[in-house]
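Quick note: the coordinates plus some simple rules give every number you see, no bench work behind them. Being a predicted model, the structure only gives us computed values, none of them experimental. Please note: Cβ atoms are built from the backbone with ideal geometry, for glycine as well, and neighbour counts cover all protein chains shown.
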Amino acid sequence: MSRNKCGRCGLVNSEADETCRRCGEPLTDQPTTGEHAPKKRSLLKRVIWVVSTTIVLLFIGYMSMLMTSEDLRYDQREVVDRAIAVVDEKGFQKHSFVLKRLTRYRATDSWWNRYLGHRDAFAATNFPFEIVTLYPEFFEISSDDTERAAILLHEAEHLLGAGEERALEATWRRKGQLGWTGSTYSQSRVLHNTRELTQRMVPHLFNCGADGTSDCTE
């Protein structure tokens with residue numbers, strides 16, 4: 001049976017009592033114990049609400065970027081597939097898996113990329129949406145599938161959460177394994193631009209040799 005506790009003297013009265021049996025204080029306006037008490041949201045429910053809201057917002061953002069950009073043409077997709085195959089053949093299975101299975105490729109900038117802007121580049125990555133935009137230079141300036149594989153290897157580092165410095169360093173250190181070296185691609189604009197950017201952002205990779213300015217990875 002429910003009980004009414006007197007707010008004045010603390011006596012617990014029966015539900016039928018309209019006034020306190022001890023002090024005569026009216027009980028009709030007092031809340032019944034255990035009834036109408038505000039329930040606090042549990043920590044688990046708060047976490048679920050935050051996670052659910054975050055997922056919905058991310059999904060909306062993801063779809064908006066896909067809808068405001070263009071997909072690759074069939075022939076462009078074939079070029080990308082060949083480059084990914086090189087990444088896989090050279091022993092970068094984790095990177096090739098991400099590039100092949102988890103990534104959406106676009107041929108033009110989404111609204112977000114247009115809003116942020118970007119320097120001249122061969123590609124751009126939207127993490128954590130796993131979207132890679134491949135610019136015309138990726139197809140037109142790179143000399144072969146190995147160079148395009150090097151670009152994708154760099155973008156795969158971003159897809160895995162790496163920042164620009166880490167992605168540059170990881171790609172530059174592994175260029176020998178990829179077969180993308182200065183001796184073979186000495187005339188490559190892609191290699192030249194990448195070296196210039198890496199030397200500026202990761203200078204400790206270029207302090208070797210007698211003059212202290214040589215590439216430490218070769």
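Computed from the Cβ-Cβ distance with R0 of 22 Å, the FRET efficiency linking Gln76 to Arg173 stands at 0.15. Distances between placed amide hydrogens fall under 5 Å for Ala123 paired with Tyr135, all partners being 5 or more residues away or on another chain. Per residue, the chain reaches -13500 deg cm²/dmol at 222 nm when only DSSP H runs of four or more residues are counted, each adding -39500 (n - 2.57).
Computed 3J(HN,Hα) for segment 164-173, one whole-Hz value per residue from the Karplus formula 6.51 cos²θ - 1.76 cosθ + 1.60 where θ = phi - 60°, is 5, 4, 5, 5, 5, 5, 4, 5, 5, 5, glycine and proline marked x. Computed from backbone phi with θ = phi - 60° and the Karplus coefficients 6.51, -1.76 and 1.60, the 3J(HN,Hα) list for segment 99-114 is 5, 8, 9, 10, 9, 9, 9, 10, 9, 9, 5, 7, 4, 5, 5, 5 Hz; x is used for glycine and proline. Only one item in (i) 17.6, 56; (ii) 30.4, 98; (iii) 31.4, 100 matches Rg and Dmax of the Cα atoms in Å derived from the coordinates shown, and that item is (iii). Among 14-25, 121-132, the peptide with the highest mean count of other Cβ atoms within 10 Å heads the list, and the full ranking is 121-132, 14-25. Taking amide H as placed 1.01 Å from N in the peptide plane, Cys208 has its amide H under 5 Å from the amide H of Thr213, Ser214, Cys216, each at least 5 places away in sequence or on another chain. Starting from the Cα gyration tensor of segment 59-120, take the square roots of the eigenvalues, sort them a ≥ b ≥ c, and report rounded, prolate or oblate (rounded when a/c is under 1.5, otherwise prolate if a/b is larger than b/c, else oblate). Since a/c reaches 1.5 and a/b is larger than b/c, the shape of segment 59-120 is classed as prolate.
Partners of Lys45 within straight-line reach, counting lysines whose Cα lies under 30 Å from its Cα and excluding those fewer than 8 residues away in the same chain: none found.
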